[in-house]
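**Student:** Sharing a structure here in structure tokens format.
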Amino acid sequence: METPGSQSSLHRANLERVVRAVRLAGSLTQAEIARGTGLSAATVSNIVRELRDNGTVQVTPTSSGGRRARSVSLSGDAGIVVGVDFGHSHLRVAVGNLAHQVLAEQTEPIDVDASAAQGFDRAEQLVGQLIETTGIGADKVIGVGLGVPGPIDVATGVLGSTAILPGWGGINPREELSARLGMPVHVDNDANLGALGELVWGAGRGVKDLAYIKVASGVGAGLVINGQIYRGPGGTAGEIGHITLDESGPVCRCGNRGCLETFTAARYVLDLLRGSHGPDLTVPKMVRLARDGDPGCRRVVADVGRHVGMGVANLCNVLNPSRVVLGGELAEAGEVVLGPIRESVARYAIPSAARQLAVVPGALGARAEVLGALALVLSEMGDSTLLPDSAPTALAFS
Ligand SMILES: [Zn+2]
């Protein structure tokens with residue numbers, strides 16, 4: 001029996017620290033591992049050699065600042081992870097490996113709100129098909145990340161409000177998918193997964209404190225604080241859509257008046273353009289027209305930016321993030337929307353918080369959530385399961 005603090009348990013802890021650093025970052029040079037873990041360069045070098053010899057990590061030549069370096073990532077064939085993202089009108093599935101490579105991905109339109117059973121039927125089929133195209137056995141799946149477009153209690157897997165997904169009443173999405181696939185499932189809302197996706201693969205790489213803002217049928221923020229998603233005890237952290245902007249404004253679906261959402265969400269802003277642009281206008285079309293210089297659409301998109309910026313300014317004063325990543329369809333408007341967000345932040349946030357903030361568009365577009373679902377599994381899986389002598393049941397039979 002090892003005692004804590006003994007030489008071997010210290011060694012074990014160091015192995016896990018290195019595995020953890022690489023697992024979350026995708027790939028790192030040995031110097032980056034040393035900086036991130038606080039271990040000495042010599043210790044990192046020894047540990048990486050040991051992990052490479054037992055097949056946990058792979059080491060490939062790369063260059064860092066013009067110098068030759070070695071890039072360390074988890075071994076690509078150590079296991080695979082699956083991401084399933086339900087939007088209101090789409091289903092997207094991706095399969096990746098532990099080296100952070102996406103091996104297969106597919107998306108299709110589906111009316112997720114109408115029937116949960118149909119959505120899960122299709123998700124189950126797609127997951128099976130995509131795993132098959134990778135040629136890797138389903139027994140190699142470490143876990144599945146599941147994204148749903150609404151607040152969800154991560155601990156219980158229960159949806160916070162079925163008003164957002166009318167066809168999903170009485171369903172626990174995590175248990176439903178887990179039972180169908182026979183695999184462990186981790187669940188989170190779309191804003192948190194978008195934040196994780198951009199943090200690991202996109203516009204948030206290397207940033208420890210960021211907010212991912214998604215404007216769609218609602219407005220939500222995924223908050224990353226010190227490298228971790230912050231959910232709050234009930235999973236409702238980041239609901240910036242319900243910051244009050246106007247006490248006497250329109251009644252919001254939450255029951256309050258003049259919430260940020262009533263100035264920015266699709267159905268409210270499209271209403272503003274109904275008279276001038278007809279009843280069939282959609283958000284992607286409005287964004288395209290705004291980019292092409294249509295004055296009415298430009299004005300409305302800029303006003304949305306201004307209002308989102310007021311929410312971001314509040315967020316800045318409370319959390320002081322260093323980067324805000326704008327996701328969703330609205331980000332396609334580029335400077336038409338980003339400029340007014342920055343102006344509002346400069347106007348309403350305290351200068352010391354505003355100065356440090358960069359407001360940038362997401363780099364992953366509509367893929368942010370499904371990649372975030374992969375990242376969720378990578379962040380939730382333990383480190384010890386990746387190390388060879390930590391699977392006593394497997395060893396007992398070998
Ligand atoms: Zn509200």
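The values are calculated or read from the model by the stated rules, or taken from the named source; none is laboratory data. Since the model is a prediction, treat every value here as computed from it, not as a measurement. Note that we place each Cβ from the backbone using ideal geometry, even for glycine, and neighbour counts take in every protein chain shown. With ligands, DNA and RNA removed, areas are computed over all heavy atoms of the protein, side chains included. Shrake-Rupley method; radii C 1.70, N 1.55, O 1.52, S 1.80 Å.
**Student:** In straight Cα distance, which lysines are under 21 Å from Lys285, not counting same-chain residues fewer than 8 positions off?
**Tutor:** Leaving aside lysines fewer than 8 places away in the same chain, those within reach of Lys285 are Lys214.
**Student:** 222 nm [θ] for the chain, helices only, -39500 (n - 2.57) per DSSP H run of 4+, per residue, to 500?
**Tutor:** Here the helix-only value at 222 nm equals -13000 deg cm²/dmol.
**Student:** Can you give me the angle between helix 335-348 and the longest principal axis of the chain, using Cα atoms only, in degrees from 0 to 90, rounded to the nearest 10?
**Tutor:** Helix 335-348 and the main axis of the chain meet at about 90 degrees.
**Student:** Taking the Cβ of Gly87 as the center, what net charge do the other residues with Cβ under 9 Å away carry, scoring Lys and Arg +1 and Asp and Glu -1?
**Tutor:** That works out to -2.
**Student:** Would you please classify the overall shape of the stretch 140-196 from the alpha carbon gyration tensor, given that a ≥ b ≥ c denote the square roots of the eigenvalues, rounded means a/c under 1.5, and beyond that prolate means a/b larger than b/c while oblate covers the rest?
**Tutor:** Oblate, since a/c reaches 1.5 and b/c is not below a/b.
**Student:** Please work out the C-alpha center-to-center distance from the stretch 289-328 to the stretch 130-145 and express it in whole Å.
**Tutor:** Cα centroid of the stretch 289-328 versus Cα centroid of the stretch 130-145: 39 Å apart.
**Student:** Further, regarding this structure: Please compute the length gained on full extension between Arg288 and Thr156, using 0.36 nm multiplied by the number of residues separating them and subtracting their Cα-Cα distance.
**Tutor:** So the chain would gain 43.5 nm between Arg288 and Thr156.
**Student:** When Lys and Arg each count +1 and Asp and Glu each count -1, what net charge do the other residues less than 9 Å away from Gly197, Cβ to Cβ, add up to?
**Tutor:** Net charge around Gly197: -1.
**Student:** Only sites in a loop by DSSP and with at most 14 other Cβ atoms within 10 Å count here; which GluC sites (Glu not before Pro) in the stretch 1-52 make the cut?
**Tutor:** Glu2
**Student:** Averaged per residue, what accessible surface does the stretch 1-114 expose to a 1.4 Å probe, in Å²?
**Tutor:** On a per-residue basis, 49 Å².
**Student:** Also, quick follow-up: Among the aspartates and glutamates, select those whose C-alpha is under 19 Å from the C-alpha of Lys208, and discard any that sit fewer than 8 residues away in the same chain.
**Tutor:** Leaving aside aspartates and glutamates fewer than 8 places away in the same chain, those within reach of Lys208 are Glu32, Glu198, Glu369, Glu380.
**Student:** Further question: Once a ≥ b ≥ c are taken as the square roots of the eigenvalues of the Cα gyration tensor of the stretch 84-214, is the result rounded (a/c under 1.5), prolate (a/b larger than b/c) or oblate (a/b not larger than b/c)?
**Tutor:** Since a/c reaches 1.5 but b/c is at least a/b, the shape of the stretch 84-214 is classed as oblate.
**Student:** Hey, another quick one. Of Met183, Met286, Met310, which has the most accessible area and how do the rest follow, probe 1.4 Å?
**Tutor:** The ranking, largest first, comes out as Met310, Met183, Met286.
**Student:** Give, rounded to the nearest 20 debye, the magnitude of the charge dipole that the chain has about its Cα centre when Lys and Arg contribute +1 at Cβ and Asp and Glu contribute -1 at Cβ.
**Tutor:** Computed charge dipole of the chain: roughly 1300 debye.
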